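For reference, the structure is listed below as C-alpha cells.
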Amino acid sequence: MLILVRHAHAGDKRLWPFGDADRPLSGRGEEQALGLARQLGELPVRRLVTSPYRRCRQTLAPLAEQLGLTPETETRLAPDGEPATVEQLLLGSDAEGSLFCTHGELLNALLQCWRDSGAVELPAEPATTPKGGTWILEQSGGRWVGHYLKPLRVVLPGGRKAAAVP
C-alpha cells in the first residue's frame, strides 16, 4: 500500500504576496490536515514524504505528530515535478507503506498518465483531485488499484484554530 495526498486548502495563490513555496494552509486547510490524520492515522504508514512547499509540510504535520514520524522532503514532489520521475519514486521497492504529499498539478498529471496507460486501475471520478484529497494504492492480482478518499475537515471544539506549523 502507498498513499498519495494533495495538500490541503491554502487559499488563493494570486492573493498571497510572497513566494508560492511559502504559502501556508488556510483555516479550512488546517481543518483538512486534522481530517487527514483522523482518516489515515490507523493505517500502517511507516514513512511520510512531502514536497518542500510549506503547505504540503503543514498538511502532514498532524498525521506526523500522531504517528511519531518525521516527514522527509522530496523536491521531485514539487508542483513542476515530472510524472514519469515521480512514478518511479512511488512504485519503487521502498515506497511500500509510504505516504506522499504533493500538488494538484503533479498529482492530476500522474493520475491522467495512469488512466491513459492503464498502469494503475483508477475510478473515473474524481477526474481531478480536490485539495486535501487522498488516493490509496494497493496491489491486487499483480496490479495497482487506486481508491479515492474525499477530504475530511475536523473543526476543533469552540471553533479554535489548529496550532500553527512552520
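Counting every other Cβ atom within 10 Å of each residue's Cβ, 103, 7 order from fewest to most as 103, 7. Residues 5, 86, 155, 45, ranked from the fewest to the most other C-beta atoms within 10 Å, line up as 155, 45, 86, 5.
I'm checking a number: the convex hull volume of the Cα atoms of the stretch 1-105, normalised per residue, in Å³. What is it?
In the stretch 1-105, the Cα convex hull volume per residue is 89 Å³.
In terms of other Cβ atoms within 10 Å, 148, 53 run from fewest to most in the order 148, 53. Between 75, 134, 59, the GNM of the chain built on Cα springs shorter than 10 angstrom shows 75 fluctuating the most.
Values quoted throughout were computed directly from the atomic coordinates according to the rules given, and no laboratory measurement underlies them. Note that the coordinates shown come from a computational prediction; the quantities given were computed from them, not determined experimentally. Positions of Cβ are generated from backbone atoms using ideal geometry, with glycine treated the same way; all protein chains shown enter the neighbour counts.
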